[in-house]
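What follows is a single structure, written as structure tokens, with notes after it.
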Amino acid sequence: MNKNIFFVASNPFNPDPRAEKQMLTLLKGNYNVFGIGWDRDRNDNYTYNLLDKVEIHEIGIKSSFGSGLKNLFPIMKFNIKLFSQLVKDNKKIDVVHSVNFDTGLTSLIYTKIFRKKLVYDIYDYYVDSFPVPNSLKGIVKKLENLVINNSDFTIIPIDYRKQQIKDAHPKKLEIVYNTPSYVPNRDLKKYSSEYVSGKLNISFVGAIVPDRFIDELILIAQKRDDVFFHIAGYGSEELVNKIKANSKNMKFYGKVAYDDGLAISNIGDLMVAMYDPKVENHKYSAPNKFYEALFLGKPIIVANKTGVDDLVRKYHVGYTVDYSIKAFEELLDTIDKASLSEFKDNNQKIYETKFSWEKIEKEILESYNHLFD
């Protein structure tokens, strides 16, 4: 009988490209895959099929992203409902694939009580990524390390995150890059008519949260007529409203499916993934957009001292600048639009040789298969 894998996350799974790719990989390996997520825009639970193959149960509890301690009660409520749903589905569950500490502790408790396997997928190490009060950081770190140490295997998105979890002792550690996979008949030119000729087109697709240079992009769009920003994603309601209110040199596509996000990124002459280096976790950043830029053959702009800047310089796949409007604009002033196409062959070669999803798929399936040896 095929084993059942339950992905659990404190975000909705539509979209969650990292989870989606792993789900599809496991389906190819003859596993049954399900998901339990959190839709913060609704107060009702609902079920749907993701990718026409994966049954997802979304727990609806109204909340917001990036709201700090205001989110404490909703996240506690979500975890109570998550545990209840896991117990309800208990007879179907063989493995819980938990995303981040805000589902990790609940998943650990459930898997220990009911003797299930636990895979812990660290998108972001919690104390370095979220607004945890200083007085609680030591406790949260110990608890997350407890989850890591007691998981059957742990996944991180980039090699240099090993340093971030150096105090933990995972039984097995797997690297799963946030890299796109080839999909037959994917339409990467779907939004090509949105390209604004005569301007430098720059794409941002991802989490719209503070410390991702969104406010700065809005200000740049307002004062420069030689650039145009294509922005898609979801997150902070305040930031989303700011983007919607600014129609000058900027278009907002809203929350989109992963393939649409790739097609929007493909509009740009450049892609951008600027993370504020003052945020501790950003020193270990592993943005989807870096790998998508390789896949699409687009140069990318990233901030210095964010981890990924070392990769951009090492492989010559884009530009690195300080996290400031001044530095960003100075870079824009030096870019010769005609030369940007020279990145295409190099970036796509780096994708194929270093970061292709096909290589990662094999490693994921090997790790999962070993769970049941």
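Derivation of every value follows stated rules applied to the coordinates shown; laboratory data play no part. The model shown is predicted, which means the values in this text are computed figures rather than measured ones. Heads up, the Cβs are rebuilt from the backbone with ideal geometry, glycines too, and the neighbour counts pull from every protein chain shown.
Among 61, 218, 335, the residue with the largest mean-square fluctuation in a Gaussian network model of the chain, with springs joining Cα atoms closer than 10 Å, is 335.
With the convex hull drawn around the C-alpha atoms of the stretch 266-336, the volume per residue stands at 82 Å³. For the chain, the relative contact order is 13 percent, taking Cα pairs closer than 8 Å that sit 6 or more residues apart in sequence and dividing their mean separation by the residue count.
Dipole check for the stretch 108-265: with +1 at the C-beta of Lys and Arg, -1 at the C-beta of Asp and Glu, and the Cα centre as origin, the magnitude is about 420 Debye. The orientation-averaged projection of the convex hull spanning the C-alpha atoms of the stretch 324-373 amounts to 6.0 square nanometres. The slack in the chain from residue 92 to residue 371, taken as 0.36 nm per residue of separation less the alpha-carbon distance, amounts to 98.8 nm. Each residue of the stretch 340-352 was assigned a 3J(HN,Hα) from its phi angle through the Karplus expression (A = 6.51, B = -1.76, C = 1.60, θ = phi - 60°), giving 5, 5, 5, 6, 3, 5, 4, 4, 5, 5, 4, 4, 5 Hz with x at Gly and Pro. Dipole of the chain computed with +1 at Lys/Arg Cβ and -1 at Asp/Glu Cβ about the Cα centre; of 250, 63, 229, farthest Cα towards the positive end is 63. The aspartates and glutamates within cross-link reach of residue 223, meaning a Cα-to-Cα straight distance under 12 Å and a gap of 8 or more places when in the same chain, are 329. For the peptides 162-173, 11-22, the ranking by packing is 11-22, 162-173, with the highest mean count of neighbouring Cβ atoms within 10 Å listed first.
DSSP beta bridges confined to the chain are antiparallel in about 10 percent of cases.
Of all DSSP-defined beta bridges confined to the stretch 62-180, some 0% are antiparallel rather than parallel. When the charge dipole of the stretch 268-335 is built from unit charges on Cβ atoms (+1 for Lys and Arg, -1 for Asp and Glu) and taken about the Cα centre, the candidate among 275, 287, 302 whose Cα reaches farthest toward its positive end is 287.
Report, in debye and to the nearest 20, how large the dipole of the chain comes out about its Cα centre when Lys and Arg carry +1 and Asp and Glu carry -1 on their Cβ. In debye, rounded to 20, the chain gives about 880. Here the stretch 192-355 is treated with +1 on each Lys and Arg Cβ and -1 on each Asp and Glu Cβ, and its dipole about the Cα centre works out to around 80 debye.
Taking the longest Cα principal axis of the chain as reference, the axis of helix 214-223 is set at about 20 degrees.
Sequence-distant contacts, meaning Cα pairs under 8 Å at least 6 residues apart, place the relative contact order of the stretch 156-276 at 32 percent. Modelled label positions at residue 352 and residue 324, each set 7 Å beyond Cα in the direction of Cβ, lie 4.1 nm from each other. Dipole orientation for the stretch 159-242: of the candidates 184, 197, 219, 184 has the Cα lying most toward the positive pole (charges on Cβ; Lys, Arg +1; Asp, Glu -1).
Ranked by the mean number of other Cβ atoms within 10 Å of their residues, highest first, the peptides 310-317, 146-153, 192-199 fall in the order 146-153, 310-317, 192-199.
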